[in-house]
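Only one structure is covered here, and it is reproduced in the block below.
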Amino acid sequence: MSHLLTFALGLLLGAVAFTIVGALTAILVLTERKVGARIQGRVGPMHTGPQGSLQTIADMVKLVMKEDVRPARADAVAFGLGPLLVAVPAILSLAVIPFGGPLIMRDLNVGVLYFLAVPGVTVVGLLLAGWASYDNYSFLGGLRSSAQFISYEIPRGLAVVTVVMLAGSLSTVDLLEAQSRVPYIVLLPLSFLIYAITSLAEVNRIPFDIPEAESELVAGYHTEYSGFRWALFFLAEYAGLFAASAFGALLFLGGGNGPLLPAVVWLILKTSALMFVGIWIRFTLPRFRADQLMRLAWKFFLPLSLANLVLAALVMKAVA
Amino acid sequence: MGGMYLSDVVFLLGFALAVVSLPVFTLAAFSLLRPRHPESLKGEAYESGMPQASIPRRPFHMAYYNFALVFIVFEVETLLIFAIAPVLRDAGWWGLGEVASFVVMVTLGLAYAWRKGALVWK
Amino acid sequence: MSLQDSLFAGFGLIAVVGALYAVITRSLLRAIVALGAFLTAVAGEFYLLSADFVAVVQIFVYVGGILVLMLFALMLSASGVRHPLAAIDRPGLGAVLAYAIGGGLVWASWTAGTFVPAELPEDAVGALGRALLGTQLGPFELIGVILLASVIAALSIARREQP
């Protein structure tokens, strides 16, 4: 394939990924509000469209039309760069997930590491946004969320490495083939649990949403943002939830493998199941305190994931 | 072989260009439709309706820095395990023992940081 | 000039501009952001030279780790906030050192001849792992010891300041 064609394909799939994430955010926000309402015995949004189904569309239109306010003492460059550096890596990480059918993205030799490395850039964006706003809440929120992110990155990486050990490859497509008979959740249940819980922390969702703890930090690092710039943070959160769920489905649930239905459908089904669990947890569990959060990462998940390495090595020997 | 890496880079550049330019374009395009009513109060930092009590850019406690330091060490260790993970299947018990000794050293580092109280959040 | 060379030159240009800006700017924050652009461009160079593992590690450790550490240092100490970065104490010595290192690097790359991406085995990532477990086992275990030492060193330096 000529390079021009590859470039055009990249452009197209990038645009598709951005559009899908945008549409998905609309769907997920509505789902989240409806599911949350059901769990808490409310009805949720009802007025825009039938059963409130057009509510998030209206919200999105409103958001892009809102005034773009920037605090007078904010650092203009960092204030603008912050939301972009949070949203762009979250979407970029989708480039290695094999969706099957027409949406096979890119099979990199080091796809698994790419998926773990690129969202790490988000931390820089969080810190810049919090610092640039010149606001105490933003500053604390930026520091806290980045400390949380880096703390959970290590147990998460150590959980993913066990899958790489069994599959013998860092390519996401090879991982898919390696699970054609048995999905890895059967062989590595503990790795899956560690991955799932630390991923919730990586995308800042309850019970790990300390940076956005409304009762103490207003809205954390995005307190001072409004309109479309604020929407970018929101987009990043749902892009992160989507990417982590799709990657989890790929690593542990056999991705697009499944009988009868096409691969795309299987992957979407498995991803949606994981995303639903994420939403369910949000309305079930209370929020952790900052010190509990850090203790859990370093004194529970890190030792556990090191022990899990040994367990996975034994499983690997047993399978081979 | 080299050609594959080149086309990976070309693909990722295209992907990144689309993902960066779409939000920037949206932000720029809607600036024509957005209201703009600058007012001095809007420029104030939000502090629950009060005037800002203290400036945020002042020295802050170092626990964050300790965590970041320990994080980098463990990150490098994780990546080294990633480097050997794909071939571990074929490495035999001897290879596993070599990796185990590496993991033991990682664990010793964790135990040291734990003992010294660097993992306590204050 | 082939596409490979022009992309390599493009990443190089970004890297040089980023590095220069990081040195010239008076704002510590902008210096760190420019350094981020530099590090990302270098990762691109690595990937073009078929070193994909190194490229991803570059993003992982330097952008996601070292850069974050620098931002923490800036934000926690609030340095360079009230007054911009001052000129260094002994500009003469600094200039001599900078020109010596810079000149050495230019001379080294000038005399090194043209760049040819290395001949790669079919499974480059696997080859790296096998090397770490085989011929490079000594360095691999040594890295483990060094990292253990660096945890100890980092903590004793960082904690000395505290009561």
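The values are calculated or read from the model by the stated rules, or taken from the named source; none is laboratory data. These figures come from a predicted structure and were not determined experimentally. Ideal geometry is used to build each Cβ from the backbone, glycine not excepted, and the neighbour counts take in all protein chains shown.
Going through (1) at pLDDT 85 or above; (2) aromatic (Phe, Trp, Tyr); (3) not in a helix (DSSP H, G or I) one by one, C:TRP107 falls short only on (3). Of the residues B:VAL70, B:VAL106, B:VAL99, the single one that is farther than 17 Å from A:VAL161 by Cβ, touching a residue at least 12 places away in the same chain (Cβ under 8 Å) and either surrounded by 21 or more Cβ atoms within 10 Å (Cβ to Cβ) or not basic (Lys, Arg) (or both) is B:VAL70.
Would you confirm, using the coordinates I've provided, whether B:LEU32 is closer than 30 Å to A:ALA132 by Cα, crowded, with 18+ Cβ neighbours inside 10 Å, hydrophobic (A, V, I, L, M, F, W, C) and more than 9 Å from chain A (Cβ to nearest Cβ)? No: the conditions fail for B:LEU32. Across segment A:21-40, the number of residues qualifying as touching a residue at least 40 places away in the same chain (Cβ under 8 Å) and closer than 30 Å to B:ASP8 by Cβ comes to 4.
Taking segment B:8-29 as the range and being more than 7 Å from chain A (Cβ to nearest Cβ) and either more than 23 Å from A:LEU4 (Cβ to Cβ) or hydrophobic (A, V, I, L, M, F, W, C) (or both) as the test, the residues that pass are B:VAL9, B:VAL24, B:PHE25, B:ALA28, B:ALA29. Condition check for A:SER93 on (1) within 14 Å of chain B (Cβ to nearest Cβ); (2) more than 22 Å from A:VAL123 (Cα to Cα); (3) of a type in the set (S, T, N, Q): one failure, at (2). When the criteria are applied in full, B:ALA45 meets the requirement of being in a loop (DSSP other than H, G, I, E, B) and within 28 Å of the chain's Cα centre (by Cα). Checked against (1) facing chain A (nearest Cβ under 8 Å); (2) part of a helix (DSSP H, G or I); (3) over 26 Å from A:LEU113 (Cα atoms), B:LEU88 passes all but condition (3). Taking only segment A:125-138 into account, find how many residues are more than 22 Å from the chain's Cα centre (by Cα) and in contact (Cβ under 8 Å) with a residue 24 or more places away in the chain. Result for segment A:125-138: 6. The condition of being under 20 Å from B:PHE30 (Cα atoms) and over 24 Å from the mean Cα position of the chain (by Cα) does not hold for A:VAL88.
Within segment B:91-105, being at the interface with chain C (Cβ under 7 Å from one of its Cβ atoms) and part of a helix (DSSP H, G or I) holds for B:GLY95, B:GLU98, B:SER101, B:PHE102, B:MET105. Check C:LEU13 against each of (1) within 27 Å of A:TYR152 (Cβ to Cβ); (2) at pLDDT 90 or above and name the one condition it does not meet. Failed condition: (1).
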